[in-house]
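Every number here is computed from the coordinates shown, using simple stated rules; none is lab data. Not measured: the values here are computed from a predicted model. With ideal geometry, Cβ positions are generated from the backbone for all residues, glycine too; neighbour counts draw on all protein chains shown.
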Amino acid sequence: MTVEVARSPLAHRLDDLAGIESVTGGDVVLEHVPFLAQVDLRLAPELATRAPYPLPLTPNTAWEGGPRAALWLGPDEWLILGPPGSQSTIAHELEAALDGTHRSIVDVSDNRVALELSGPGVQELLAKGCSLDLDPRSWRVGSCAQTLLARAQVILHERAETTGILVPPSFADYLVDWLLDATRAGG
Amino acid sequence: MRRLETGGTSIDRSAPLAFTFGGSALRGFAGDTLASALLANGVDVVCPSPILGRPRGVMTAGPEEPSAFVEISAPELDLISAATTVELVDGLVAKGRPGTGRMRLEGAPPPRCEHRYAHCETLVVGAGPAGVAAAREAVAAGDRVILIDERSPHGVDLPEATVLARATALGLYDHGYVVVHERSRPVERLWHVRARRVILATGAHERPIAFAANDRPGVMLASSAAAYVERFGVVPGERAVVFTTNHGAYTAARALRNAGTGIAAIVDVLLEGSAQDAARADGFEVRSGWAIAGTEGDPRVSAVRLVGPGGEEETVKADLVAVSGGWNPVVQLWRAIGGGLRWDEALATFVPNGVGPSWLEVVGTATGEGLPTSAPYWYVPADDLSSHFVDFQRDQTVADVIDAVEGGLRSVEHVKRATYIGTAVDQGRTSGVLTAGIVNLLQGAGADAQGPTNARPPYTPVSFAALAGPHGGARLDPARTTSIHPWHADHGAVFENVGQWKRPWFFPRTGEDLDEAVRRECLAVRTGVGMMDASTLGKIEVVGPDAAVFLDRMYTNRMSNLAVGSIRYGLMCGLDGMVMDDGVAMRSAEDRYLVTTTTGGAAKVLDRFEEWLQTEWNDLRVYCTSVTEQWAVVAVNGPRARDVVAAAGTDIDLSAEAFPHMTLRHGTVAEAPARLARVSFSGELAYEVHVAARYGSHVWESLTGAGEPFGITAYGTEAMHVLRAEKGYVIVGQDTDGTLTPFDLGMSWIVNERKGDFIGRRSFRRADTAREDRKHLVGLLPLEPDALIPEGAQLVQEDTGRIPMPMVGHVTSSYRSAILERTFALAMLASGRERIGTTVFAPLPEGTVAATVTEPIFYDLEGARRDG
């Protein structure tokens, strides 16, 4: 009902984001995924098998299957992702499966904004602002991490076709400014 | 000095370049350094020495240069650099610059500098033969390899490695973290490298010998003189005296002679040996056991005074003195990260002793390998040692070192600080071992007694612009904005920084200043309705069966008996019993609270929650999740607040009976799913509208539209501060400073010691915390109702007119109140509660302000308005 009144924190930067593709000659393509559903799950790792999806127990890895993904954020914390609007469904799925356990299920869909990066220049672009080793030797599809990109806290999520960046909306403008600077000609 | 017709491995004779030095138009070639081009043009004097003003020329061919310093004004601004490290470019404009660069802001901007993070298994510093071999080996082993060199290395054919030219390792840090400055164009790069293994192949620097007037232009290190011939096709002099402690300089002598420089003599401090014999057989005049007593010339060397083993003197004509006092491995990076050194008797220098970080290796010449054997010969004895220069950039001589040692200083580190030797930009590359040698000698200690002083990063100077890189200007610090920010900007808000947040400070209408805008905004809230963006409040979901117990321990008051759907204000103290943050707790379910924190305290409070849960109370079943950014919050305050929320459209019963003060309801506002909380920070009837951030601007605009008939007014943080102060509500961090207890604030009602233990409780019993004469929060009403006491003003009990006066307190908040039609203030005053009704004084440069001490509340004392 209320999709028309919802506004993404990046609504006013879409042209800037789209421009990155031409500035980089297609090396980097940036897409904004508005209103990605995100639910924060806190649960003891021993109970992870009770969850409706396979919760990864290896630090900094993610599971992805169909419309759901689960990112390891900490020993007892996961971020469950789903298509826009599915946050209530996700919360219900989790509540139903974890009924009777001690857990915390919190809708955080607006806590972070989603960007998807693709193109041959992504690794080099991120190397300008992220101190993690994003070489395929240590960073591959299914890797995820909470880290800094320039001076913004982000979650990085390596997917089959794209690299996902989740950034708090208050930092979104800053991050877009940084991305424009880092991809500008001569950079 | 002249350029040869042929030769020069570094230069490209097909690419002539024009440059200006000290106002003269000169020419050089691509591949020249400024130093080689100056020598090719016959420039003897580059700059005066920094302290004594003695003429100085080029002494070396690399970053160890202690003598020839320049300032570059085009094409890029460079405030001070060694001429030996400046690459010649067309249109370069330079002049001599002794000692210290002079900051200036005009001129060409610094080049853009990017930052890059890189990871590798092997980082090799130095692309000489040993470095290239090490890199090649690592590539063969499958490593990711980064090979860097401060010059532009030729013939490194290693496509599998990342080879960075003009790149200097500024510093090595723990666990193979290396900061590399790559002076590429048009974009510079500052690399943050994490390497599993770092290999230093940094080579060695030749060192000088101290003798009288050893700083005269024309005195050069022997290998550098030869390097100018070889690399740049430049003959640095027509007739040379070579002065050496080792056979390495014989190679330099041959190179100079081959280029056409006459060798007047090779003066070798050692006695006879095979090198001397071979040189004599080659036609050189070798003076074994001789030394150079001094030089003459104006300004350039024209004659050299030699002194024989028996003290006999002889003067020879020469315009070049090529000196070699031995070689020092380049160990600065090795030492700065904790690597050890040992004295090598044969080489007469300090070499790495192999004891250093496990990830760090030194290879090649930097270990001492392949260096010529030498003697520990530091200076030529003389009666007057006051022109025997040791550190050219600091104008310090052997006489100065003697002064320091005779003054009682024993450690080379103390001698360094007394003389400043080694503290210039070259950090003692040529003077360090020399100084240690002299100090050891003067103290009658072995040559191994003390090594050179430590050098610290950066290895070579680096500009602040490069270190700042992309994080300059508007990106110096992220500006965090709320979902409603675009509206604020469109409506002329003046912003203030609260942490990283940009918050509307006030919304001036045309012609209004801060005071006028704030007066209008405050009156709107007191008499009609106002709204503000409160999205930046910290918000934490606290969930779990023990959430209530947990919050009882974190706050000073009881949160466990809060009814579901109700809200309670809470204070948090540190272990010291001092107030650290405040906010409200909203109970949305038996096992679920939403707590708010101050804007600046959000991260700190969550960290604190996690710390106690993880380290002390891991038996408590509680999870905390930050939702600060999940929720946009619009605070609607004022007698017409209910009308506005109703007009915006809501399915929540807003009546005072159904929805009293300090309760919360869920429903929709302006069609958006919302949580509505009756919380008031103004003392007026108030609703906080919490919606998912995506609906923030929609709900804000809906409330603006719905409020129009009621004259709704957007207000900023300044009006909020005035409104809350009129009610005596403290702002943690403004009225408190980390030294105040809830009792000091007059908030004993919020401390519930019956509920059990909580953080800060036991500190309330400390004698100092329980003292009667602590500072108390009070109100102040200036006797002159228009007098505004500045925040921070000190208070005295009696204005004696004589400084000093005993101070009894200070003002924490001070404003003009529109509704009270007068000024007022909050203050911390010693025994303040006992002083209520008395007068205190704020002595100020422009006159003393007298004020009556009051209860810290000025408006609606009975608190009826918020319940409306």
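Odds and ends about this structure:
- Fewest neighbouring Cβ atoms within 10 Å first, the residues B:755, B:317 line up as B:317, B:755.
- Angle in degrees between helix B:696-707 and the longest Cα principal axis of chain B, rounded to the nearest 10: 40
- With an a/c value of 1.5 or above and a/b larger than b/c for the gyration tensor axes a ≥ b ≥ c computed over the alpha-carbon atoms, chain B is described as prolate.
- Tensor-based shape of segment B:763-843 (alpha-carbon gyration tensor, a/c under 1.5 rounded, otherwise prolate or oblate): oblate
- Mean ellipticity per residue at 222 nm, deg cm²/dmol - from DSSP H runs of n ≥ 4 across chain B, formula -39500 (n - 2.57): -5500 deg cm²/dmol
- Net charge of the neighbourhood of residue B:389, taken over other residues with C-beta under 12 Å away and scored Lys/Arg +1, Asp/Glu -1, is 0.
- Report summary: the helix-based calculation at 222 nm, which adds -39500 (n - 2.57) for every DSSP H run with n ≥ 4 and divides by the residues of chain A, gives -6500 deg cm²/dmol.
- Karplus (6.51, -1.76, 1.60) ³J(HN,Hα), θ = phi - 60°, over segment B:446-460, in Hz, Gly and Pro reported as x: x, 5, 8, 4, 10, x, x, 5, 7, 9, 10, x, x, 4, 10
- Average Cα contact separation per residue, segment B:329-452, under 8 Å, 6 or more apart, as relative contact order %: 19
- The string of couplings for segment A:149-155 from the Karplus curve (6.51, -1.76, 1.60, θ = phi - 60°) is 10, 6, 10, 10, 6, 9, 10 Hz, one whole number per residue in order, with x for Gly and Pro.
- Helix B:514-527 axis, angle to chain B major axis (alpha carbon atoms, nearest 10°): 30
- Dipole magnitude of segment B:1-112, debye to nearest 20 (Cβ charges: Lys/Arg +1, Asp/Glu -1, about Cα centre): 300
- Rounded to the nearest 20 debye, the dipole magnitude of segment B:1-62 is 140 debye, with +1 charges on Lys and Arg beta carbons, -1 on Asp and Glu beta carbons, and the Cα centre as origin.
- Cα gyration tensor category, rounded, prolate or oblate, for segment A:1-146 with a/c compared to 1.5: oblate
- Relative contact order for chain B: 8 percent, from Cα pairs under 8 Å spaced at least 6 residues apart, divided by residue count.
- For the protein assembly as shown, a simple Cβ point-charge model (Lys and Arg +1, Asp and Glu -1, everything else neutral) yields a dipole of about 380 debye relative to the Cα centre.
- Derived scalar couplings between HN and Hα for segment B:832-849 equal x, 5, 7, 8, 4, x, 8, 10, 10, 10, 10, x, 10, x, 8, x, 7, 9 Hz in order, rounded to whole Hz, by the Karplus curve 6.51 cos²θ - 1.76 cosθ + 1.60 (θ = phi - 60°), x for Gly and Pro.
- Number of partner chain Cβ atoms within 10 Å, mean per residue of B:468-477: 3
- Between the amide H of residue B:390 and those of B:396, B:397, B:398, distances stay under 5 Å, these residues lying 5 or more places away or on another chain, with hydrogens modeled in the peptide plane.
- Electrostatic bookkeeping for residue B:773 treats Lys and Arg as +1 and Asp and Glu as -1; over the other residues with beta carbon under 12 Å from its beta carbon, the sum is +1.
- Relative contact order of chain A, taken over Cα pairs closer than 8 Å and 6 or more residues apart, is 24 percent.
- For residue B:267, the residues whose modelled amide H falls within less than 5 Å of its own, excluding neighbours fewer than 5 places apart on the same chain, are B:242, B:243, B:244, B:287.
- Amide proton proximity set for residue B:203, modelled H, under 5 Å, gap of 5+: B:330, B:365, B:366
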